[in-house]
Amino acid sequence: MSSKKHLDPRAQAAVEHLRAYATDWCGAIRPKLLTAALPPRGPKRGWRDFVAHAVLEEIISAHREMRGGGVFFNGPLYRVVHRDLARQLCTSPDEISSALTWLEALGVIGRVPRTLLNDEGQPCGKQVFAYPIMPALQELLDRYQTTGKTPGPFVVTPKRAGLTPAKRQVDSLEDPGSPPRRRGDSLNCAQAQQKHAESVGLLSAQRLERVAKDDRRRRVGTGGGAAADNKAQVPHMPPATPPRSADATRSTPQRQPAPMPPAPAHDPSKEGSNGPLSPPASPLWTPPPPPMSLKVDNEAKRTAWMRATKFCALWAQAITRLNFLSTCTPTTPDYQAAFKFFLNHPETGSFFPVAIAIDAWFLTREPEPTGYDDLYHVRTSLEIRRFFQSLASGKLESEVGRRFTINAWDDLRLCFTESELIHYGWPVSRVPIKGLKPDQLWENDPDALKYYRDRNLPLPLEVAEADNRRCVLDQKNQEKK
């Protein structure tokens, strides 16, 4: 079968270049003059240069066309297996990853990481795909053949930047039913919200004060504690970290649930007799139109835009329902950052990144150490653009995964009802057949009803039922007195 039928366009471009300029890239192992044309990774060449060159040779060789017309790998892109290359080159998988980072920064390869998910939305592995950028490599070879000089050292030093500075945001796409806000304000990070509280006066300050005094998420058995004062933490968030359960998952807030048994398992066959928890015919969520500056002219971009807007809608509601921010309205740059992420990672849906964000928000309450901070990317997860930068690098998911077990359904049910998740596109057939504890359900939060009324949002059936049960219980308690 011809390689044109299944290759990614980026890999296909490399194959066609190698076919057209076969004489410049001859050689069974190392292309001609490639070692001299590449810059060293340090003051002088050493073992790390050998590893980087060998990794690049492996990627280039895999894209050479076979005699039958195909390539030396299956699938649309070439997968880099770190352990196999490390064993072949007598080095470590971390050194292979470092070489890929250096080559990508040099601009001679492209790298596409993809996270594998199981049926419950949990990560079960990670794959890295790569392709050579042949025009950049050809330019290096031509420059060396013309000048005869080896380029100077090219060193890649990972830098950890701070929060993206607050800028004047305009043309924001607001979710219907969201509270009104002033034009030009961005309430998507700690500094912007603090400025908003100082500018709009007493009303906003009262909202922030209500969030600060919320003690529903205090540490069990310790009475809570003051949060560390650091620049990446929100100064008005609840002060303590919820405990972790025995299986390393994040425990949920201690709510006062309505009198009801644990949530029953979802069984579509019984919906006719007992009635479903969610409304039977709620319309599905539809994305807003893209801005004029963003061209959405093909199916891949339309899918990325739908996932980006859905993510931002879920983000804005989750971060306010969990009381990490009092108001949140994603802006046009936030939508563009989300659109770029989902366009570059078509294998990722909208729900799982929101679950990662929820777990990361709880970890932001951990005190910041004086030395190495293993939650550095977590502490910048309260801003959408910084969140996607950390998520695309894979470091945010790694930091969260070391502390919590990420489960999309369980995490999202902390701040959404089942009917809301189905409204946003969660397949009914993939609703987990398991019961959740009452204090893990958003509808049992005493502030859930107030949340919808304050924002003039439609009231889900589950929240109304939980409130009715709570009222019945209060009436019975009064009658007993």
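Computed values, structure above
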| quantity | calculated |
| --- | --- |
| Calculated FRET efficiency for the pair Leu449/Arg114, C-beta based, R₀ 35 Å, to 0.05 | 0.30 |
| Karplus-derived HN-Hα couplings along region 69-80 (A = 6.51, B = -1.76, C = 1.60, θ = phi - 60°), whole Hz, x at Gly and Pro | x, x, 10, 8, 8, 9, x, x, 10, 7, 8, 8 |
| Estimated FRET transfer efficiency (Leu33, Gln127; beta-carbon r; R0 45 Å; 0.05) | 0.90 |
| Theoretical FRET efficiency, 1/(1+(r/R0)^6), r = Cβ-Cβ of His6 and Trp47, R0 41 Å, to 0.05 | 0.65 |
| 5 angstrom amide H check on Phe129, placed H, neighbours 5+ away | Val80, Val112, Arg114 |
| Full-extension gain in nm, Arg79 to Leu459, via 0.36 nm per residue minus C-alpha separation | 132.1 nm |
| Peptide ranges 295-307, 388-400 listed from the most packed, as the mean C-beta count within 10 angstrom indicates | 388-400, 295-307 |
| Virtual spin-label span in nm between Thr286 and Glu65, 7 Å along Cα→Cβ | 4.7 nm |
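Every number here is computed from the coordinates shown, using simple stated rules; none is lab data. This is a predicted model, so every value here is computed, not measured. Counting neighbours? That spans all protein chains shown, and the Cβs are built from the backbone with ideal geometry, glycine included.
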